[in-house]
Amino acid sequence: MVHDLNNLSPVAIDCMKELGNIGSSSAANSLSAMLGKTVKMRVPDVRVLEYQQVIDELGGAEKIITGILVPLGGDIKGMMMFLLQESFAKVVINTFMQKDEITFHALDETERSTILEMGNIMAGSYLNALSDLTGLSMEMTVPSMNVDMLGAILNVMLVEFAEVGDTVLFIDDGFVIDNVDIKSNIILIPEMESLDILMKKLGVF
């Protein structure tokens, strides 16, 4: 039984890396179809990190970032968050709204809705791919989006899932669109019981 994410074995981490690869590939394909552009995916790296390590990894607590929070239900309960940087917002808004310049920390309602819809589609594709692979139901409720300092965004997760622990599964991936490097990350916080179910399904223990 997994008592916290720090107890994941190297085999379990390898399995999570493969799931991250499959999910990210599916999300990239959906993004490509929506944008009408070729999207090249970087190979994801999956690590177990503490919140402060995530903050350091992404450039500090005051860095402005988009966080799309996706509550999870079904067989796998918990939460997933897409962390998307300014480069992603620029490509999406330029494609759909033909705007070359955006004020990232003060997006208007239409710009926010456009980015949230893309995040919603990517999250759905990600979870559907994992569900197809594992045979487990992975349901997402309506996602929410916030553009704020990274520290404030992660604090929401820390408060809501404090009982799970102070570590998360950090999936470092990203895309290349129109020769622009689009950095994105996914944070996954499954409930421990759900993580046990997933590991058993994958034959880890």
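Some observations on this one:
- Scanning the range 156-205 for residues that are modelled with pLDDT of 85 or more and in contact with a Lys or Arg (Cβ under 6 Å, 6 or more places away or on another chain) gives Phe170, Val176, Ile177.
- Criterion violated by Asp178 - all others in (1) closer than 25 Å to Lys40 by Cα; (2) without any contact (Cβ under 8 Å) to a residue 40 or more places away in the chain; (3) of a type outside the set (A, V, I, L, M) satisfied: (2)
One line per residue, one yes/no per condition, for (1) closer than 20 Å to Thr167 by Cα; (2) among the basic types (Lys, Arg); (3) in contact with a Cys (Cβ under 8 Å, 6 or more places away or on another chain); (4) without any contact (Cβ under 8 Å) to a residue 12 or more places away in the chain:
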| position | (1), (2), (3), (4) |
| --- | --- |
| Leu35 | no, no, no, no |
| Arg42 | no, yes, no, no |
| Glu57 | yes, no, no, no |
| Gly60 | yes, no, no, no |
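- Matching entry among Ile153, Ile197, Ile187 (being hydrophobic (A, V, I, L, M, F, W, C) and closer than 24 Å to Asn29 by Cα): Ile187
- Some residue of the range 175-182 being in contact with a Gly (Cβ under 8 Å, 6 or more places away or on another chain), under 19 Å from Val92 (Cβ atoms) and not aromatic (Phe, Trp, Tyr): yes
- Flag for Asn29 being surrounded by fewer than 17 Cβ atoms within 10 Å (Cβ to Cβ), at pLDDT below 85, assigned to a helix (DSSP H, G or I) and not hydroxyl-bearing (Ser, Thr, Tyr): no
- Residue within the range 49-64 that is in a strand (DSSP E or B) and modelled with pLDDT of 90 or more present: yes
- Test: residue in the range 89-101 that is modelled with pLDDT under 85 and either farther than 28 Å from Gly36 by Cβ or buried (at least 18 other Cβ atoms within 10 Å of the Cβ) (or both): no
- Beta carbons closer than 6 Å, at least 6 apart along the sequence or on distinct chains, never pair a first residue in the range 90-110 that is over 18 Å from Thr66 (Cα atoms) and in contact (Cβ under 8 Å) with a residue 40 or more places away in the chain with a second that is surrounded by fewer than 16 Cβ atoms within 10 Å (Cβ to Cβ) and of a type in the set (D, E, K, R).
- Sole exception among (1) part of a helix (DSSP H, G or I); (2) under 20 Å from Glu57 (Cα atoms); (3) touching a helix residue (DSSP H, G or I) at 6+ places or on another chain (Cβ under 7 Å) for Met81, by number: (1)
- Neighbours by Cβ (under 9 Å, 6+ apart or cross-chain): first from the range 9-25, surrounded by fewer than 19 Cβ atoms within 10 Å (Cβ to Cβ) and modelled with pLDDT under 80; second part of a loop (DSSP other than H, G, I, E, B) and of a type in the set (A, V, I, L, M): Ser9/Val204
- Which listed residue is surrounded by fewer than 16 Cβ atoms within 10 Å (Cβ to Cβ), in contact (Cβ under 8 Å) with a residue 60 or more places away in the chain, under 21 Å from Asn120 (Cα atoms) and not aromatic (Phe, Trp, Tyr), from Gly73, Gly67: Gly73
The values are calculated or read from the model by the stated rules, or taken from the named source; none is laboratory data. As the structure is a computational prediction, the values presented were derived from the model and not from experiment. Methodologically, a virtual Cβ is constructed for each residue, glycine included, from the backbone with ideal geometry; neighbour enumeration extends over all protein chains shown.
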